[in-house]
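For reference, the structure discussed in these notes is given below.
The values are calculated or read from the model by the stated rules, or taken from the named source; none is laboratory data. Keep in mind that this is a model prediction, so the values were computed, not measured. Ideal geometry is used to build each Cβ from the backbone, glycine not excepted, and the neighbour counts take in all protein chains shown. Quick note on the areas: whole protein, heavy atoms, side chains included, nothing else; ligands and nucleic acids left out. Shrake-Rupley method; radii C 1.70, N 1.55, O 1.52, S 1.80 Å.
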Amino acid sequence: AQRVTQPEKLLSVFKGAPVELKCNYSYSGSPELFWYVQYSRQRLQLLLRHISRESIKGFTADLNKGETSFHLKKPFAQEEDSAMYYCALKGGGYNKLIFGAGTRLAVHP
Amino acid sequence: GAVVSQHPSWVICKSGTSVKIECRSLDFQATTMFWYRQFPKQSLMLMATSNEGSKATYEQGVEKDKFLINHASLTLSTLTVTSAHPEDSSFYICSALEGFGYEQYFGPGTRLTVT
């Protein structure tokens with residue numbers, strides 16, 4: 001079964017601390033994974049995609065097929081990073097996305 | 001960038017009535033649109049996928065006769081909640097794919113309250 005698991009509902013850190021938001025997936029084929037972010041009172045937007053292997057707003061995520069993980073990392077958190085983060089797996093037909101439960105990141109001054 | 005709008009942003013209706021929610025891609029053509037439902041403090045649950053000019057594909061457990069989806073053009077998809085009940089109260093979000101791209105562009109959502 002296709003599934004995305006984000007084990008932490010809330011991650012609370014201080015400004016400047018490293019951040020790692022965990023994401024594990026279950027998928028029988030070759031996965032395509034994404035991180036979406038939702039800032040307060042804003043719509044969901046794409047943060048990054050594993051295929052592009054780029055860093056967006058200081059965030060990176062590496063696909064680890066052995067551990068079936070796609071953790072999101074940032075070395076030094078900023079207050080403006082506070083948001084809801086969703087890991088998503090593209091699976092099935094029509095490019096549909098399967099979302100994890102989401103992790104709320106709270107960065108304190 | 002690509003923008004998706006939803007209308008209305010908030011609607012209250014009485015139990016037993018129907019309500020229509022529109023999803024529009026404002027500056028691109030969307031061959032595929034998706035409808036999600038989000039309960040408070042929960043993740044997005046995909047309800048259905050709609051392709052312009054063809055019938056929507058519903059996810060398991062979603063009643064197609066209750067949640068009618070029409071993708072009439074490359075810029076408009078509608079979700080009609082028929083005979084709404086209080087348990088249908090939720091946040092409904094649509095997204096759209098531009099052409100054969102990979103990125104889904106999300107609308108701001110519509111909050112439905114059924115009294």
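Need the failing condition index for B:Ala2 against (1) of a type in the set (Gly, Ala, Ser); (2) within 18 Å of A:Tyr36 (Cβ to Cβ); (3) open to solvent by 70 Å² or more (accessible area, probe 1.4 Å), just the number.
Failed condition: (3).
Restricting attention to segment A:84-92, does a residue exist that is within 14 Å of chain B (Cβ to nearest Cβ), more than 15 Å from the chain's Cα centre (by Cα) and open to solvent by less than 40 Å² (accessible area, probe 1.4 Å)?
Checked against the condition, which is being within 14 Å of chain B (Cβ to nearest Cβ), more than 15 Å from the chain's Cα centre (by Cα) and open to solvent by less than 40 Å² (accessible area, probe 1.4 Å), segment A:84-92 yields at least one hit.
Filter segment A:8-50 down to the residues that are more than 9 Å from chain B (Cβ to nearest Cβ), touching a residue at least 60 places away in the same chain (Cβ under 8 Å), of a type outside the set (Ser, Thr, Tyr) and under 14 Å from A:Gly102 (Cα atoms) and list them by number.
Result: A:Glu8, A:Leu10, A:Leu11, A:Leu21, A:Lys22, A:Cys23.
Those residues that are within 23 Å of B:Arg111 (Cβ to Cβ) and open to solvent by 50 Å² or more (accessible area, probe 1.4 Å), I need them from segment A:19-54; list them, please.
Residues satisfying the conditions are A:Ser40, A:Arg41, A:Gln42, A:Arg43, A:Gln45.
Looking at segment A:95-108, can you tell me whether even one residue there is free of Cβ contacts under 8 Å to residues at least 12 places away in the same chain and surrounded by fewer than 20 Cβ atoms within 10 Å (Cβ to Cβ)?
Looking through segment A:95-108, at least one residue is free of Cβ contacts under 8 Å to residues at least 12 places away in the same chain and surrounded by fewer than 20 Cβ atoms within 10 Å (Cβ to Cβ).
Being open to solvent by 70 Å² or more (accessible area, probe 1.4 Å) and part of a strand (DSSP E or B) is the filter; apply it to segment B:77-115 and report the residue that is nearest to the other protein chains (Cβ to nearest Cβ).
By that ranking, first place goes to B:Glu98.
Limited to segment B:5-46, what total is found for residues that are open to solvent by 40 Å² or more (accessible area, probe 1.4 Å) and assigned to a loop (DSSP other than H, G, I, E, B)?
Count: 13.
Within 11 Å of chain A (Cβ to nearest Cβ), open to solvent by less than 20 Å² (accessible area, probe 1.4 Å), within 18 Å of B:Tyr105 (Cβ to Cβ) and within 14 Å of the chain's Cα centre (by Cα) - does that describe any residue in segment B:51-65?
No, segment B:51-65 contains no residue that is within 11 Å of chain A (Cβ to nearest Cβ), open to solvent by less than 20 Å² (accessible area, probe 1.4 Å), within 18 Å of B:Tyr105 (Cβ to Cβ) and within 14 Å of the chain's Cα centre (by Cα).
Which ranges mark the strands (runs of 3 or more DSSP E) fully within segment A:1-80 that have 2 or more residues being charged (D, E, K, R)? Write out each step before concluding.
Values: elements: A:3-5, A:10-14, A:19-21, A:24-26, A:32-38, A:45-49, A:72-74.
Passing ranges, in order: A:72-74.
Can you run down the residue pairs with Cβ atoms below 9 Å, 6 or more apart or on separate chains, where the first is in segment B:63-75 and over 17 Å from B:Gln29 (Cβ atoms) and the partner is surrounded by fewer than 13 Cβ atoms within 10 Å (Cβ to Cβ)?
That search, which allows pairs on different chains as well, returns B:Lys64/B:Lys55; B:Lys66/B:Ser83; B:Leu68/B:Ser18; B:Ile69/B:Lys55.
Within segment A:1-18, can you find the residues that are more than 30 Å from A:Pro109 (Cβ to Cβ) and crowded, with 17+ Cβ neighbours inside 10 Å?
To start, the set of residues in segment A:1-18 that are more than 30 Å from A:Pro109 (Cβ to Cβ) comprises A:1-5.
Matches in segment A:1-18: A:Val4 only.
Out of segment B:62-76, which residues are in contact with a strand residue (DSSP E or B) (Cβ under 9 Å, 6 or more places away or on another chain) and either assigned to a loop (DSSP other than H, G, I, E, B) or of a type in the set (D, E, K, R) (or both)?
Once the filter is applied, which keeps residues that are in contact with a strand residue (DSSP E or B) (Cβ under 9 Å, 6 or more places away or on another chain) and either assigned to a loop (DSSP other than H, G, I, E, B) or of a type in the set (D, E, K, R) (or both), segment B:62-76 yields B:Val62, B:Lys64, B:Lys66, B:Leu74, B:Thr75.
Would you confirm, using the coordinates I've provided, whether B:Lys14 is under 16 Å from the mean Cα position of the chain (by Cα) and more than 26 Å from A:Tyr85 (Cα to Cα)?
no
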